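The values are calculated or read from the model by the stated rules, or taken from the named source; none is laboratory data. Bear in mind that the values here come from a model prediction, so they are computed numbers and not experimental data. Neighbour counts are summed over all protein chains in view; Cβ atoms, including those assigned to glycine, are modelled from backbone coordinates with ideal geometry. Surface accessibility is based on the protein's heavy atoms, side chains included, excluding ligands, DNA and RNA. Shrake-Rupley method; radii C 1.70, N 1.55, O 1.52, S 1.80 Å.
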Amino acid sequence: MPHSVEQKSKSIIWSGRADLRDTGMLILQSGSHLRLYKNTVQQHAGFNDKLLNWMHLEAQRHSIPEEGREGGLIMDEMSISEDIQTVNSGEFLKLVGFVEMGQESHNLEIIRTNKKEEQLANHVLLFKFLGNSGFRFPFAHFPTHQATATDLFIHFWDAVSYLQAYGFTTQYTNMDGAITNRQFMHLHFPATTPAACRFKACSPVNPTQFVFMIMDIKHNIKKLRNSILASGGSSKRLLLLHGHRIKWSHWIAAYNFD
């Protein structure tokens, strides 16, 4: 993105944010306050000890109790536009916008594709800790070209290990029902099914602990709705319960009856 276009885009974003703040509909922090937080730690892809230490200090500053430092590890992969930008680190210029999944994932990708090449990132994988008392902190991100189940496995347990080193305990993970997330979950139960083990996976970081694999309920409800919508009618797919057909028209009839 040309420098002038980038600056203009940022100006539009900040202007729109200021207008929204002035309406009083939302209580938003000032731009200078956000810049102060953004520049507290130099950001980069992967796990950052300075960022994790900041997370630890924030928990101390807010007097987060021990039970509040236990909680879930939220994984989410979001799509982004492919783009290359130049970042000035003070000593040299760096091109950002490429996939940065770490050396282990990079080596596995070379073995899988038999190619050694740089790819532009079109997704960002985010890791966020959500404590049982509400404390939350995004502590790592990885530019990806859609992460594989193996990538998720590697970085998830690395994240659990980093969190443990800074005094945070992972009791569960919450993720949507994307195919890679389901494959990631099944990697923990090679000899059985997740349901047979009550979705409880043994932690390789600490074998005395378990981590529960949770599929986001909102995503599951949406999948159920879409499956019912596609059941019957012009679709060949038909859902059955005890031999009886399940159709969306049943919900319509129940609504009209009520």
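Considering only DSSP beta bridges whose two residues both sit in the chain, what percent are antiparallel, to the nearest 5? Mind dumping the intermediate values first?
Working: 30 of 39 bridges.
Of those bridges, close to 75 percent are antiparallel.
When you count, for each residue, the other Cβ atoms within 10 Å and take the mean per peptide, how do 167-174, 203-210 rank with the highest first?
So the peptides 167-174, 203-210, ranked by packing, come out 167-174, 203-210.
How high is the FRET efficiency from Lys116 to Lys50, r the C-beta distance, R0 35 Å, rounded to 0.05?
0.70
For a quick check of understanding: with a 1.4 angstrom probe and all protein chains in place, what accessible area in square angstrom does Leu229 have, to the nearest ten?
Accessible area of Leu229: about 90 Å².
Add -39500 (n - 2.57) for each DSSP H run of 4 or more in the chain, then divide by its residues: what number comes out at 222 nm, to the nearest 500 deg cm²/dmol? List each step's numbers first, then the result.
Working: 8 runs with 101 residues, N = 258.
Taken over the chain, the calculation gives -12500 deg cm²/dmol.
Name the most mobile residue of His106, His242, His62, meaning the one with the largest mean-square fluctuation, in a Gaussian network model of the chain with Cα contacts below 10 Å.
Largest GNM mean-square fluctuation: His242.
On a 0 to 90 degree scale, rounded to 10, what angle separates helix 3-23 from the longest Cα axis of the chain?
For helix 3-23, the angle is close to 70 degrees.
Kindly report the accessible area of the chain per residue (heavy atoms of protein chains, probe 1.4 Å, no ligands, DNA or RNA), in Å².
Accessible area per residue: 66 Å².
For the pair His106 and Ile179, how long in nm is the line joining their label points, each one 7 Å along Cα→Cβ?
Each label point lies 7 Å from its Cα, and together they span 2.8 nm.
First measure r as the distance between the Cβ atoms of Gln60 and His186, then evaluate 1/(1 + (r/R0)^6) with R0 = 45 Å and state the FRET efficiency to the nearest 0.05.
0.75
Ignoring ligands, DNA and RNA, what percent of the accessible area of the chain is carbon or sulfur (1.4 Å)?
Working: 9560 of 17020 Å².
That fraction is 56 percent.
Which parts of segment 173-192 would a label at Asp76 reach, counting a residue when its backbone N lies under 19 Å from a point 7 Å out along Cα-to-Cβ?
Within reach of a label on Asp76: 173-182.
Find how much the distance from Glu91 to Lys218 grows on full extension, using 0.36 nm per residue of separation minus their present alpha carbon separation; answer in nm with one decimal.
Stretched out fully, the Glu91 to Lys218 stretch lengthens by 41.1 nm.
Taking one equal scatterer on every alpha-carbon of segment 68-210, how large is log10 of I(q)/I(0) by Debye at q = 0.11, 0.14 1/Å?
The Cα Debye sum returns log10 ratios of -0.48, -0.76.
With the alpha-carbon atoms as the only input, what is the per residue convex hull volume for segment 71-134 in Å³?
So the per-residue hull volume is 149 Å³.
Between Cys202 and His123, what is the FRET efficiency for a Förster distance of 30 Å, r being their Cβ-Cβ separation, to the nearest 0.05?
0.55
Among (1) 21.6; (2) 17.1; (3) 18.8, which is the computed mean projected area of the Cα convex hull in nm²?
For mean projected area of the Cα convex hull in nm², the calculated option is (1).
To the nearest 10 degrees, how steep is helix 103-113 against the longest Cα principal axis of the chain, on a 0 to 90 scale?
Approximately 50 degrees, to the nearest 10.
May I ask which of Lys200/Lys236; Lys128/Lys236; Lys116/Lys222; Lys200/Lys223; Lys115/Lys223; Lys128/Lys222 have a Cα-Cα span longer than 29 Å here?
Lys200/Lys236; Lys128/Lys236; Lys116/Lys222; Lys115/Lys223
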